[in-house]
1. Only one of 49, 54 is surrounded by 15 or more Cβ atoms within 10 Å (Cβ to Cβ) and charged (D, E, K, R). Can you tell me which?
2. May I ask you to list the residues in the stretch 1-17 that are under 10 Å from the mean Cα position of the chain (by Cα) and at pLDDT below 95?
3. Hey, could you check the stretch 28-62 for residues that are farther than 11 Å from residue 16 by Cβ and part of a loop (DSSP other than H, G, I, E, B) and say which is modelled with the lowest pLDDT?
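The values are calculated or read from the model by the stated rules, or taken from the named source; none is laboratory data. Quick caveat, the model's predicted, so the values are computed rather than measured. So basically every Cβ, Gly included, is an ideal-geometry build from the backbone, and we count neighbours across all protein chains shown.
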Amino acid sequence: MKKINYDYILIGCHSFSEIASLYFPSDYSSSCVRSLRSFIRNHPVVLAELLEAEYDERDKILTPLQVAVIVRHMGRPGEANFE
């Protein structure tokens, strides 16, 4: 099976739903978004770092710094660590 390269998510801004769908694949965008927002709420360290990066739970777009926080805590998509 070919390994997908997700390096592109570390460059530029991305929609919250795009990042959510990479970590929580689903046929429904709203389900992906709910799952990622739930993960963030249930992991205080992740939430604290995102808040330092000016995250708001209503954000539709994530900055490169916010994406980096998610990747640092969850790993790259496809090798995500949900601890």
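1. It is 49.
2. The one that is under 10 Å from the mean Cα position of the chain (by Cα) and at pLDDT below 95: 9.
3. Step by step, filter the stretch 28-62, then rank; the result is 28.
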